[in-house]
1. Across region 369-512, what fraction of all alpha-carbon pairs, as a whole percent, falls in each successive 5 Å bin from zero upward?
2. Packing-wise, with mean Cβ within 10 Å as the measure, how do 153-164, 131-142 rank, highest first?
3. Along Cα→Cβ, 7 Å out, is where each label goes; now give me the distance between the ones at R96 and R754 in nm to one decimal.
4. Determine the share of region 455-577's accessible area contributed by carbon and sulfur atoms, expressed in whole percent, with a 1.4 angstrom probe.
5. How long is the gain from A654 to H704 if the chain were fully straight, where each residue apart is worth 0.36 nm and the alpha carbon distance is subtracted?
6. Over region 63-129, what portion of Cα pair distances is larger than 18 Å, expressed as a whole percent?
7. Can you classify region 466-526 as rounded, prolate or oblate using the Cα gyration tensor, where a ≥ b ≥ c are the square roots of its eigenvalues, rounded means a/c under 1.5, and otherwise it's prolate if a/b beats b/c and oblate if not?
8. What nm distance separates the two modelled labels at R808 and D717, each placed 7 Å from Cα along Cα→Cβ?
Amino acid sequence: MKLTRRTFLRASALFGLLPSLSPRAWGATKGRASLARGDDADVLLWYRQPASAWIDALPLGNGRLGAMVHGGGKRGEPWQEYLSLNEDTLWSGYPRDGNNADAHNRLAAIRDAVLGRRDYHRGDVLCKAMQGRFAESYQPLANLKLALGHAHAVTGYRRELDIDRAVVTTRYTVEGVEYLREVFVSAPDRAIVLRLTASRPHAIDATIGLDSELQRSLEVLDDRRMQLTGKAASHIGGNGRPITPAPVERSEQAGEGMFFATVLRVAIDGGECTKRGDGLVVSGATAMTILLGAATGFRGALATPDLPLVEVAAAAWQSLDRASQLDYATLQTRHVSDHQNLFRRSSLRLGASPAKARATDERLEAFGKQADPSLLALYFNYGRYLLIASSRPGSQPANLQGIWNDLVRPPWSSNWTTNINLQMNYWLAHTCHLDECAEPLHDLVRTLSHTGERAARETYGLPGWVSHHNTDLWGAANPVGEGVGDPYWANWAMSGPWLCAHLYERYRFSGDRNFLRTRAYPVMKGAATFCLAWLVDNGAGRLTTCPSFSTENDFLAPDGKVAQTSAGCTMDMALMRQLFDDCIEAAQALGVDAGFAGRLAEAKAKLLPYQVGSFGQLQEWSVDFAESSPGQRHMSHLYPLFPGSEFTPRGTPALTRAARVSLERRLAHGGGATGWSRAWAIALWARLQDGDKAWESLVALIEHSTSQNLFDTLPVDEGPIFQIDGNFGATAAIAELLLQSHAGSIELLPALPRAWAEGEVAGLRARGGVTVGIRWRGGRAAFCTLVSDSGGTVSLRAPAAQRIAGIRVGGRSLEAVNLPDGEVSLAMEASHIYELHFT
Ligand code: FUC
């Protein structure tokens, strides 16, 4: 049975956590763009000035359509508005086989060099000879440009993003007239909506224009409508790396690159709207609404994107015409309720902000000087907001920048890097109760299981499916690099097992056997089939992998020179252990494939064991090589601690200690310099149950890897750039500080930082389908509610130095069944609210 909305709301309301459910200002305002409600430091980003650059604009999205709202012109002019628009299927390229036809001839030679002769450098050279095409690039769609005709002497300027309503509001006053702009991107009505109102009738004069970075043509169709159409590049080379100049290739051939269309329709209250030159001109209006829609020629990852332009444009108009049947208030009501259905499932408060009157950029600036733990509550709520905005059923998964990109050659092509970044984007999905937002990831993994069969066959001559460190809209599964990529990213072949872990986690949280049978297990089995064939005997009765890389980390070979390629890296062993275990468990649950499960169990027993290296660290390579980059940002060998669950402080104390040494060494040498690396460190500290160390890293994340709009950043030579993984990873890590359920029991406040003395969290999810809310005071749990989707017995663990003192359900007290080691067993009935009190 599913958790009902009513039970959930009651459980959450016990904390007073949910924002008021009474009709909000927007419901009562009919056609007028409304003021957002008063400051709420946990759900509001706000500023006293327009964005001065794309990275400071405020993101909106419905999973498919995205908009970065500048709250001013491109150069920050408040009397203008600039929206950078995206559509998540607008990419360069088309389906092509990127495998290198000569590749599998090299496999034996690599194994001979590395396993036979310990010649790691030769391994590096040969790996390059196996590389195929680079993956394609995510593209920017268009820009909406609005210029208001009023005087420029603006006062009282304020722009804000209310993440509880998913609306950006910009307002200011000119010559006594208040101008108000509201923008949102509606999922139910598939449109970007901008409403402009003025407090004095007929005060709006404006010009409206559209442009795009792509090759395009613009038509003003009539006095209300514009259309911008074009064709995306047939190929963009070089993986978008800032260092690689690569041409943008175009083709006139049908399907070699996709058509796209952006369509715009204006409605005005009073005044006039006419077509003039390249745009529309509004004069003397009291209010106006702009609706924008888009479509592309994408027909699925494996199909040629050859829809003719007229059909693409017709599809864009069809959705927009439907949306334009609804008045503004209805569009907004439908949008807000759709968003809140997901957003209000969970919530976090970490005490009152000491900085209520501070704008978000001012809060960031003051963060190091004045304690403001509640900024992390905003960060957490924003992470959930960003996933809802960038990943919805039927959309593409959140890419390196979610869905927001303004460049034709964005960093790393803004595609999917699958050696941590894509996975990190989904760490929060289940713990933060956004299961359906992970569906696009599951769809992509299914695509990879098809394209990856070809990669396994053509690149290695092996069965099953394989994918490497990078993929795109077309499901590229081959090793990229084109002979010049570093093997430690380009040739890394373990994303299949890592992605499959997400499928099984979905099952663990939901217990959805149908998903397991139809969506997860067949794909997992294909990945495990490849792994079985990929493993080789190391000559000492163990199974190893070769070539093997510890993601993007090099080492010093015995000759003292830097090398990348070796055999049996710890992360390979960890990922395979996880996949084999998950497959064995899944096969048992489904009552299938006993023979296959037996083979996996046999192979698992022969995998190389974990080792402890010379510093007491968890050894990263199968040989305890000297490190060439001890502060490297990837923490992949720590997978068994997080996101895996093989290492736990109670279950595997020695290996957990070794993992801690590795983490300490990484951070001591400068690891954590990218936001995503820092987010990973926070999650690892959570699993080490060290809340104060996690807090140190949270502070570093805010101080060094967070832009004004709270986007996660990554430093490159030119300065910080946006990458969304750190937002999602840190959000997931915050959830891990408050609730864990990976080790067989539900652990309440397992790693609460001392800096978070007071707080409340609602709507976190534990494996087994249990929804949890916790309130704490003075650093100690005070009250907790639990609701189970479908009933069953769970073990509960109170925070350190506390015990569960009482359990009540429906006004009755229950006898607690004490288990060894301080845990309590609780038999739960579906949808009942269990209340816990603590010593
Ligand atoms: C991996 C990381 C880089 C960057 C890129 C998108 O290659 O090592 O830091 O995040 O992905």
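1. So the P(r) values, bin by bin, are 2, 9, 18, 20, 18, 14, 9, 5, 3, 1, 0, 0.
2. Descending mean neighbour count gives 131-142, 153-164.
3. 5.8 nm
4. Carbon and sulfur together cover 49 percent of it.
5. 14.7 nm
6. More than 18 Å apart: 66 percent of the Cα pairs in region 63-129.
7. Note, shape of region 466-526 comes out prolate.
8. 6.5 nm
The values are calculated or read from the model by the stated rules, or taken from the named source; none is laboratory data. Please read these numbers as outputs of a predicted model, since none were measured by experiment. Neighbour counts run over all protein chains shown; Cβ positions are idealised from the backbone, glycine included. Each accessible area value is taken on the protein alone, full model and side chains, heavy atoms only, with ligands, DNA and RNA left out. Shrake-Rupley method; radii C 1.70, N 1.55, O 1.52, S 1.80 Å.
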